[in-house]
Amino acid sequence: MVVLAASVCTKAGKPLVARHFVDMPRARIEGLLASFPKLIGSSDQHTFVETDAVRYVYQPLEELFLVLITNKQSNILQDIDSLHLFARIVSETCRSRVDEREVSRNAFELINVFDEVVSVGGYRESVNLGHVRTIVEMESHEERIQEEIERNKEREAKEELARKAKLMDAQRREMAKKGGGFGGAGGFGGSGGPGSGANYGGFKSGGMGGGGGSGGFESTPKPFAEATPSYSSAPAARPLGKGMQLGKKQNTTDAMFEAIKKDEGLVENKPAAARGGSSAPVSNVRHESVHIAIDERISARVSRDGGLENMEVKGKMELKVTDAAKAHFRVALQNAYNDTIQFTTHPNVDKALFATGVIGLRDASRPFPVNQVLPLVKWRFLSKEDSLLPLSINCWPSPSGNGTCDVNIEYELQVDRLELRDVVISVPYPGSTDPVVQSADGHSYQIQRQSRTIEWQLPLIDSSNKNGVLEFTVSDENVDGFFPIRVSFSSVKPYCSVNVGDVISLDGSQSRVPFSQEVALLTEEYVIV
């Protein structure tokens with residue numbers, strides 16, 4: 001197999017990046033690429049086309065083409081294999097998306113990786129994507145260890161310097177206690193004024209004592225009888241400086257491994273929220289004097305082969321009244337009583353009235369308590385019916401037989417009335433190298449190296465984008481390594497459709513009472529196993 005040139009070009013044949021591996025004029029390359037779009041038809045299903053002189057092996061990349069120009073004697077199967085490797089390299093180098101801007105911005109990096117796949121003369125090197133990634137990173141394990149050893153030496157030298165400084169400071173304090181010519185505060189002077197300390201026969205007992213005064217001696221000796229001890233009222237100032245803190249010295253080997261972990265991105269990050277659940281969305285609801293909060297938590301366990309093992313939704317409704325003048329009312333629910341949902345009312349709530357879809361106190365003459373969070377109703381819903389699952393996730397791993405596996409993750413919103421927000425689909429991946437993401441609806445994903453997961457992030461899933469697909473490739477064929485898949489999301493619409501329709505006053509006027517309602521649907525544990 002001889003590859004004459006590799007190029008990423010537009011559909012009009014304009015080369016964005018081109019690398020030729022044999023001795024060939026630039027005009028010849030440009031001519032071949034310019035004639036390429038004329039040779040392929042709009043309905044052509046082949047991935048190669050031949051002329052009298054060369055063969056074009058190509059693959060569409062969104063709005064561009066990846067083209068390999070080979071001689072006609074080249075092995076077509078090897079050419080297609082090389083084309084796939086080039087395509088994966090281009091997709092990984094242009095991480096956000098493959099367009100003219102990204103290809104032009106990463107042109108130098110693309111030329112480098114092209115040279116790692118095909119050598120001068122047009123012959124394919126025996127490398128795969130993992131080898132190319134390692135070569136391009138140009139990291140040296142020995143260099144990192146040597147740098148860490150140098151850093152440890154510098155740190156030990158600083159610690160030794162701090163230890164000696166502390167020892168000298170302790171010696172100065174000890175000499176000050178013995179009156180050895182230094183100020184009582186462990187420096188050149190204490191906190192008192194000039195001349196502090198006792199006078200004995202015209203000499204200062206503190207040597208150079210005082211608050212920085214230079215008078216260690218009295219200029220005029222005084223009579224012995226007049227010499228009376230005088231003491232500063234201010235306490236002696238401690239020496240400035242924090243000094244070295246005591247503690248166990250860090251092991252040099254442990255420090256070296258910790259630094260290597262940081263370089264490799266293996267430092268432990270504490271997640272802001274548990275992976276199995278979702279955090280409550282920030283509420284922007286303005287609270288009225290009557291505020292009703294509806295909270296639901298959903299748990300689901302789904303088999304990877306299809307089929308809902310179990311699903312549970314637990315909900316509660318709470319009430320808070322802040323105005324005593326509006327505390328005498330009843331709450332009318334928007335939907336009728338549902339026998340498929342197990343409801344439990346508070347002991348003070350009229351159960352017979354609740355069966356008609358209205359929440360009121362058993363003693364209708366009593367108002368609701370003020371400035372208290374009052375639980376009104378709890379409910380529970382259980383199901384094993386697949387169609388009732390709000391969000392279905394399907395994983396389709398396809399081992400290629402050459403050590404890699406192509407994976408498709410598909411989601412589908414099955415309950416159209418829900419709007420799922422902040423959706424995170426966390427997919428584990430096997431192997432020792434990072435996966436290569438070919439496409440992701442929503443264009444938002446993160447590769448977590450420590451937990452070895454791909455987090456597919458979708459800000460909103462509703463009836464306008466009911467379906468989506470994530471496609472990636474890993475260098476491992478263990479299909480069990482893609483499970484369990486964990487899902488988290490939130491919603492401002494309840495799953496069980498328990499909503500408040502109206503709040504009616506019982507003061508005789510039967511007027512409507514202004515109220516506010518806040519709904520939160522969160523996941524507790526939503527897994528595909």
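Scanning the stretch 402-432 for residues that are exposed (fewer than 15 other Cβ atoms within 10 Å of the Cβ), among the polar types (S, T, N, Q) and farther than 20 Å from Ile298 by Cα yields Asn402, Ser432. Just one of the numbered conditions (1) surrounded by 13 or more Cβ atoms within 10 Å (Cβ to Cβ); (2) within 30 Å of Leu85 (Cβ to Cβ) is not true of Ser444: (1). Applying the condition of being touching a Lys or Arg at 6+ places or on another chain (Cβ under 7 Å) and farther than 16 Å from Lys493 by Cα to the stretch 297-310 and asking which residue is least open to solvent (accessible area, probe 1.4 Å) yields Leu308.
Please determine whether any residue of the stretch 390-400 is farther than 30 Å from Asn465 by Cα, small (Gly, Ala, Ser), open to solvent by 70 Å² or more (accessible area, probe 1.4 Å) and modelled with pLDDT under 95.
No, every residue in the stretch 390-400 fails to be farther than 30 Å from Asn465 by Cα, small (Gly, Ala, Ser), open to solvent by 70 Å² or more (accessible area, probe 1.4 Å) and modelled with pLDDT under 95.
The single condition among (1) over 40 Å from the mean Cα position of the chain (by Cα); (2) acidic (Asp, Glu); (3) under 19 Å from Gly122 (Cα atoms) that Asp81 does not satisfy is (1). Highlighted here are the strands (runs of 3 or more DSSP E) found entirely within the stretch 383-453 that include at least 1 residues which are in contact with a helix residue (DSSP H, G or I) (Cβ under 8 Å, 6 or more places away or on another chain): 391-399, 405-413, 420-428, 436-440. Applying the set (1) crowded, with 19+ Cβ neighbours inside 10 Å; (2) farther than 28 Å from Thr340 by Cβ; (3) touching a Phe, Trp or Tyr at 6+ places or on another chain (Cβ under 6 Å) to Val487 leaves exactly one unmet item: (2). Of everything listed in (1) closer than 30 Å to Phe368 by Cβ; (2) open to solvent by 50 Å² or more (accessible area, probe 1.4 Å), the single unmet condition for Cys496 is (2).
Filter the stretch 108-119 down to the residues that are over 16 Å from Leu68 (Cβ atoms) and either at pLDDT below 85 or charged (D, E, K, R) (or both) and list them by number.
Within the stretch 108-119, the first condition is being over 16 Å from Leu68 (Cβ atoms), and the residues that meet it are 108-109, 112.
Selection gives Glu109, Asn112.
Of all the residues in the stretch 107-117, those that are in contact (Cβ under 8 Å) with a residue 60 or more places away in the chain, out of contact with any Lys or Arg (no Cβ under 9 Å at 6 or more places or on another chain) and open to solvent by 40 Å² or more (accessible area, probe 1.4 Å) number 0.
Within this structure, Ile29 passes the test of being touching a residue at least 24 places away in the same chain (Cβ under 8 Å), touching a His at 6+ places or on another chain (Cβ under 8 Å) and part of a helix (DSSP H, G or I). Residues considered: Ala34, Ala6, Ala27. Of these, the only one that is modelled with pLDDT of 85 or more and surrounded by 19 or more Cβ atoms within 10 Å (Cβ to Cβ) is Ala6. Of all the numbered requirements in (1) in a strand (DSSP E or B); (2) closer than 23 Å to Val98 by Cβ, Asp79 misses one, and that requirement is (1). So, Leu522, is that one touching a Phe, Trp or Tyr at 6+ places or on another chain (Cβ under 7 Å), surrounded by 15 or more Cβ atoms within 10 Å (Cβ to Cβ) and not polar (S, T, N, Q) or not? No: the conditions fail for Leu522.
Every residue, every condition in (1) in contact with a helix residue (DSSP H, G or I) (Cβ under 9 Å, 6 or more places away or on another chain); (2) loosely packed, with under 14 Cβ neighbours inside 10 Å; (3) polar (S, T, N, Q), yes or no:
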site	(1), (2), (3)
Gly13	yes, no, no
Leu16	yes, no, no
Tyr56	yes, no, no
Leu61	yes, no, no
Ile69	yes, no, no
Gln73	no, yes, yes
Asp79	no, no, no
His84	no, no, no
Ser91	no, no, yes
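Only one of Val423, Val436 is more than 22 Å from Thr93 (Cβ to Cβ), touching a strand residue (DSSP E or B) at 6+ places or on another chain (Cβ under 9 Å), among the aliphatic types (A, V, I, L, M) and at pLDDT 90 or above; which?
Exactly one of Val423, Val436 is more than 22 Å from Thr93 (Cβ to Cβ), touching a strand residue (DSSP E or B) at 6+ places or on another chain (Cβ under 9 Å), among the aliphatic types (A, V, I, L, M) and at pLDDT 90 or above, namely Val423.
Here Ser104 does not fit the description of being in a loop (DSSP other than H, G, I, E, B), of a type in the set (Gly, Ala, Ser), open to solvent by 40 Å² or more (accessible area, probe 1.4 Å) and under 30 Å from Thr433 (Cβ atoms). Being part of a strand (DSSP E or B), surrounded by fewer than 19 Cβ atoms within 10 Å (Cβ to Cβ) and aliphatic (A, V, I, L, M) is a property that does not hold for Leu458. Of all residue pairs spaced 6 or more apart or on separate chains, those with beta-carbon atoms under 7 Å, a first member in the stretch 277-296 that is open to solvent by 60 Å² or more (accessible area, probe 1.4 Å) and a second member that is at pLDDT 90 or above and aliphatic (A, V, I, L, M) are Ala280/Ala520; Ala280/Leu522.
Exactly one residue among Val503, Val469 is farther than 27 Å from Thr134 by Cβ and open to solvent by 20 Å² or more (accessible area, probe 1.4 Å), and that residue is Val469.
The values are calculated or read from the model by the stated rules, or taken from the named source; none is laboratory data. Because the structure is predicted, anything quoted here is derived from the model rather than measured. When we count neighbours, we look across all protein chains shown, and the Cβ atoms used for this are built from the backbone with ideal geometry, even at glycine. For accessibility, only protein heavy atoms count, side chains too; no ligands or nucleic acids. Shrake-Rupley method; radii C 1.70, N 1.55, O 1.52, S 1.80 Å.
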